[in-house]
1. Provide a single number: the residues in the range 150-196 that are surrounded by fewer than 19 Cβ atoms within 10 Å (Cβ to Cβ) and hydroxyl-bearing (Ser, Thr, Tyr).
2. Would it be correct to say that Leu197 is in a helix (DSSP H, G or I) and of a type outside the set (Ser, Thr, Tyr)?
3. Given the conditions (1) among the polar types (S, T, N, Q); (2) over 21 Å from Ala212 (Cβ atoms); (3) over 38 Å from the mean Cα position of the chain (by Cα), which single one is not true for Gln156?
4. Filter the range 106-144 down to the residues that are surrounded by fewer than 11 Cβ atoms within 10 Å (Cβ to Cβ), more than 20 Å from Ser201 (Cα to Cα) and modelled with pLDDT of 75 or more and list them by number.
5. For residues that are in a loop (DSSP other than H, G, I, E, B) and among the aromatic types (Phe, Trp, Tyr), scanning just the range 57-103, find the one that is modelled with the highest pLDDT.
Amino acid sequence: MQLVSWIYLLACSLPVVRSAYKVVAAPVGQNITEYMHARQKRHQLIYRNGGTIRLVVGPVLATQLEDPVVWRSMVYYYVLHFGAFTLPSAPLYPWDKWETIYARSLQEKIRSLDETHEDDTRLFVYAALENYMDQVSGSPGRGRQCLLRGICENAQVHHHVGIMAELLDVLLTPGKTRLDVAYKEALAAGQAGIDCLARYSDCPRGESVLDAYALDVEY
C-alpha cells in the first residue's frame, strides 16, 4: 500500500519536476560558466508584487480495502492552505527603520529647540558689564559706551593670543544673538577700521574695565 502511495505521489509530481528541469537545465551548446553567471544575476532580480508566501500542508492517508486484488487501493489526499502574505518588493532592514524613526525625531527636536530657544546669556553679561561700569564711573550711560568701544576695538584685533584673549573675543563678538542694533553697529565700525576711541568719546581711555586687558603695541 505504501509503495502504491509513493508511485501515485511521484506521478503527480512529474509535471512539476519537468518544469523545474526546464528552468534549471542549461540550454544545449551554451557555456556552463556563462549560464551560471546569468543564473546568479537572475536571482538578484526583484519583481514588484511578484508573489505571496503561505503554508501548504498535503497529508496523504491510505485506506485498507477488502479487495482480493493487491495493487488496488484508495488514497485520501488533502491540500490545506494556511494564510497568505504578499512578499515585499523592497528590502526591509530593522536598523534602517530605527535609524529613520529615532534620528528623524532627534533632529526635529534639535531643530525645534534651535528655532524656539533664544540664548540670552550674552545679553545678561552685557547688561551686567554696563551696570558695573556705570556704578564705578558714577555716570549713567557710560558703561554702554565703554562696552560699545570694547566691541569696536576687539573687531580690529586679528590675532588673539592666550586663553583670556580668546574668551574676550567670544564675549565681545555679538554674533547672531538678538541684541540691540548698536552692538552690531559697533562691530561693523571696528571691522571697517574706524577710530573707536573718537567714535565713542564718552568713554575715554581708562574708564572701561576692559582697558585692563587691552595692550597697545607699536609695530
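1. 2
2. On the way: in a helix (DSSP H, G or I): yes; of a type outside the set (Ser, Thr, Tyr): yes.
The answer is yes for Leu197.
3. (2)
4. Thr121, Phe124
5. So, considering only residues that are in a loop (DSSP other than H, G, I, E, B) and among the aromatic types (Phe, Trp, Tyr), the one modelled with the highest pLDDT is Tyr78.
The values are calculated or read from the model by the stated rules, or taken from the named source; none is laboratory data. Computed from a predicted structure; not experimentally measured. For neighbour counting, all protein chains shown are included, and Cβ atoms are generated from backbone atoms with ideal geometry for every residue, glycine included.
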